[in-house]
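Asks: Quick one: this structure, given as structure tokens, is what I'll be asking you about.
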Amino acid sequence: MKIDYRNLSKEDILYLLKSEDKTEFDELMQQAYDMKNENVGHKAYYRGIIEFSNICAKDCYYCGIRKSNKGVSRFAMNIREILDCAELAWKMNYGSVVLQSGERTDEEFVAFVEKAIREIKKVSNNELGITISLGEQSEETYRRWFEAGAHRYLIRIETSNNELYKTLHPQDHDFSERFECLNRLRRVGYQVGTGVMIGLPEQTMEDLTNDIIFFKENDIDMIGMGPYIVHHETPLAKKVKDFNKEYQLNLGLKMIALTRLYLKDVNIASTTALQALHHEGREFGLQAGANIIMPNITHTKYREGYQLYDNKPCTDENASMCRACLEGRISKIGEEIGYNEWGDSPHFEKKNKLEK
Ligand code: 5AD
Ligand code: FES
């Protein structure tokens, strides 16, 4: 089949997702890598991720820190601990941090995050960019955090198929509410990031094709997506018969490549889940067209408590070990690191220029 990689149709995406041909796979990776260099450049940008609490009010069937998992001991960092991580990131010349935790909407939590954002700005001389990844919130909450200094927000839709969404979540977790959050975030002024899990039980290649089309139709600025990985103490694990690491990894890489080719100028993260499947997974992600890396800067003593899936890498390492390790990995594949830069989504920047 002759494919115009610069102008993929829905049929092409579906065809390439289904293809098991090694030459086609390699060609797809090459095309996506070239498209990345052309549209967003050669640099990989860092967002140091601080996973500051595993206390969660939600009960997603796939996630290791879901409320009903009694096997997890719960922790919450205090502001000082968060600031220590952020300061370290700043000193290591990371341009941005991400604040992520289990989902909570109570006022105590909202005010805590607001304060943490303000303090991070202060200790970093306003230099650190702040992305947040704290789930579904009211528009008012999103606004408070934005005004405190965060400017990017990640909230995955997990899948664009509403029926599949229902099989992954309890009844009170509503797809339309999740979708509405993307609109709220955009109204407030954030750069909006979303993503899906790849290779879920019962997910079809049509679903994944529609996910990529969803990103485009909803004018998404940043994408963070990764392979689904079993967590043994979750209900979804029971639905998985044979978990094939190599298949999950390759499907994840194909999704990155196709998203790069179809959306062109967005930021795409090479996620840690890729590395859980292969020790060079994140490097492969960059070579498949991703341009963002999220090094873990959480204090080592808390990493064990934040296991969304089995075999999460880097739980015994600390922030500077991850820095050195990643620097080696990234230079080895000939990519540069965008130290001290925010590395905002070119897609968002172009849009803003047009509106001005
Ligand atoms: N495998 C892969 N990704 C997962 N996430 C949660 N649990 C898993 C899992 N078992 C992802 C979800 C969520 C993000 C924070 O982590 O997509 O949005
Ligand atoms: Fe953490 Fe390699 S990125 S040790």
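The values are calculated or read from the model by the stated rules, or taken from the named source; none is laboratory data. Just so we're clear, the structure is a prediction, and the values are computed from it rather than from any experiment. Cβ sites come from the backbone with ideal geometry, for glycine too, and all protein chains shown count toward neighbours. For accessibility, only protein heavy atoms count, side chains too; no ligands or nucleic acids. Shrake-Rupley method; radii C 1.70, N 1.55, O 1.52, S 1.80 Å.
Asks: Filter the helices (runs of 4 or more DSSP H) completely within segment 297-356 down to those with at least 1 residues that are within 12 Å of ligand 2 (Cβ to nearest atom) and open to solvent by less than 30 Å² (accessible area, probe 1.4 Å).
Replies: Working: elements: 300-303, 319-332, 346-355.
In segment 297-356, the matching helices (runs of 4 or more DSSP H) lie at 300-303, 319-332.
Asks: Out of (1) touching a residue at least 60 places away in the same chain (Cβ under 8 Å); (2) open to solvent by 30 Å² or more (accessible area, probe 1.4 Å); (3) closer than 23 Å to Lys10 by Cβ; (4) not β-branched (Val, Ile, Thr), what's the single condition that is false for His232?
Replies: All conditions are met except number (3).
Asks: Another one. Which condition number in (1) within 16 Å of ligand 1 (Cβ to nearest atom); (2) β-branched (Val, Ile, Thr); (3) open to solvent by less than 10 Å² (accessible area, probe 1.4 Å) is the one that Val266 fails?
Replies: Val266 satisfies every listed condition except (1).
Asks: Also, quick follow-up: Could you count how many residues in segment 27-46 are open to solvent by 10 Å² or more (accessible area, probe 1.4 Å) and either farther than 17 Å from Gly334 by Cβ or in contact with a His (Cβ under 6 Å, 6 or more places away or on another chain) (or both)?
Replies: Of segment 27-46, the ones open to solvent by 10 Å² or more (accessible area, probe 1.4 Å) are 27, 29-31, 33-34, 37-43, 45.
Then keep just the ones that are either farther than 17 Å from Gly334 by Cβ or in contact with a His (Cβ under 6 Å, 6 or more places away or on another chain) (or both); that gives 27, 31, 39.
Of the residues in segment 27-46, 3 are open to solvent by 10 Å² or more (accessible area, probe 1.4 Å) and either farther than 17 Å from Gly334 by Cβ or in contact with a His (Cβ under 6 Å, 6 or more places away or on another chain) (or both).
Asks: How many of the residues making up segment 272-292 are within 16 Å of ligand 1 (Cβ to nearest atom) and either without any contact (Cβ under 8 Å) to a residue 60 or more places away in the chain or assigned to a strand (DSSP E or B) (or both)?
Replies: Counting residues in segment 272-292 that are within 16 Å of ligand 1 (Cβ to nearest atom) and either without any contact (Cβ under 8 Å) to a residue 60 or more places away in the chain or assigned to a strand (DSSP E or B) (or both) gives 11.
Yes/no per residue for (1) charged (D, E, K, R); (2) open to solvent by 50 Å² or more (accessible area, probe 1.4 Å); (3) within 18 Å of Arg6 (Cα to Cα); (4) touching an Asp or Glu at 6+ places or on another chain (Cβ under 8 Å):
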position: Glu217; (1), (2), (3), (4): yes, yes, yes, no
position: Gly224; (1), (2), (3), (4): no, no, no, no
position: Pro227; (1), (2), (3), (4): no, no, no, no
position: Lys238; (1), (2), (3), (4): yes, yes, no, no
position: Asp242; (1), (2), (3), (4): yes, yes, no, no
position: Ile256; (1), (2), (3), (4): no, no, yes, no
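Asks: Identify, please: which residue in segment 5-25 is closer than 14 Å to Leu261 by Cα and in a loop (DSSP other than H, G, I, E, B) and is, among those, most open to solvent (accessible area, probe 1.4 Å)?
Replies: If we take residues in segment 5-25 being closer than 14 Å to Leu261 by Cα and in a loop (DSSP other than H, G, I, E, B), then Ser9 is most open to solvent (accessible area, probe 1.4 Å).
Asks: Looking at segment 244-253, which of the residues that are open to solvent by less than 20 Å² (accessible area, probe 1.4 Å) and over 13 Å from the mean Cα position of the chain (by Cα) is farthest from ligand 2 (Cβ to nearest atom)?
Replies: Here the residue is Leu251.
Asks: Further question: Which members of segment 43-82 meet the condition of being in a strand (DSSP E or B) and touching a residue at least 60 places away in the same chain (Cβ under 8 Å)?
Replies: Hits for segment 43-82 are Lys43, Ala44, Tyr45, Tyr46, Arg47, Gly48, Ile49, Ile50, Glu51, Phe52.
Asks: Given the criterion more than 29 Å from Glu349 (Cα to Cα), touching a His at 6+ places or on another chain (Cβ under 6 Å) and at pLDDT 95 or above, identify the matching residue among Gly102, Gly64. Step through it out loud before you land on a result.
Replies: On the way: Gly102 fails: touching a His at 6+ places or on another chain (Cβ under 6 Å).
One residue alone meets the criteria, Gly64.
Asks: In this structure, does Leu261 turn out to be open to solvent by less than 30 Å² (accessible area, probe 1.4 Å), out of contact with any Lys or Arg (no Cβ under 9 Å at 6 or more places or on another chain), part of a helix (DSSP H, G or I) and modelled with pLDDT of 90 or more? Let's see the steps before the verdict.
Replies: Details: open to solvent by less than 30 Å² (accessible area, probe 1.4 Å): yes; out of contact with any Lys or Arg (no Cβ under 9 Å at 6 or more places or on another chain): no; part of a helix (DSSP H, G or I): yes; modelled with pLDDT of 90 or more: yes.
Judged against the criteria, Leu261 is not a match.
Asks: How many residues does segment 77-94 hold that are open to solvent by 60 Å² or more (accessible area, probe 1.4 Å) and either among the β-branched types (Val, Ile, Thr) or more than 18 Å from Gly129 (Cα to Cα) (or both)?
Replies: Here the count works out to 2.
Asks: Could I ask something else about it? Name the pairs whose Cβ atoms lie under 6 Å apart, with the first residue in segment 301-317 and closer than 19 Å to Pro235 by Cβ, the second open to solvent by less than 40 Å² (accessible area, probe 1.4 Å) and of a type in the set (Phe, Trp, Tyr), and 6 or more positions between them or separate chains?
Replies: none
Asks: Same structure, new question: Can you name the condition, by its number, that Glu103 falls short on among (1) among the acidic types (Asp, Glu); (2) within 17 Å of Val188 (Cβ to Cβ); (3) in a loop (DSSP other than H, G, I, E, B)?
Replies: (2)
Asks: With (1) buried (at least 19 other Cβ atoms within 10 Å of the Cβ); (2) under 18 Å from Thr259 (Cα atoms) as the list, and Met205 as the residue in question, which single condition is left unmet?
Replies: Result: Met205 fails condition (1) only.
Asks: Tell me which residues, restricted to segment 273-296, are within 14 Å of Leu326 (Cα to Cα), out of contact with any helix residue (DSSP H, G or I) (no Cβ under 6 Å at 6 or more places or on another chain) and buried (at least 23 other Cβ atoms within 10 Å of the Cβ).
Replies: Leu286, Ile292, Ile293, Met294
Asks: Just wondering, is there one or more residues in segment 165-175 that are open to solvent by less than 10 Å² (accessible area, probe 1.4 Å) and free of Cβ contacts under 8 Å to residues at least 60 places away in the same chain?
Replies: The answer is yes, given that some residue of segment 165-175 is open to solvent by less than 10 Å² (accessible area, probe 1.4 Å) and free of Cβ contacts under 8 Å to residues at least 60 places away in the same chain.
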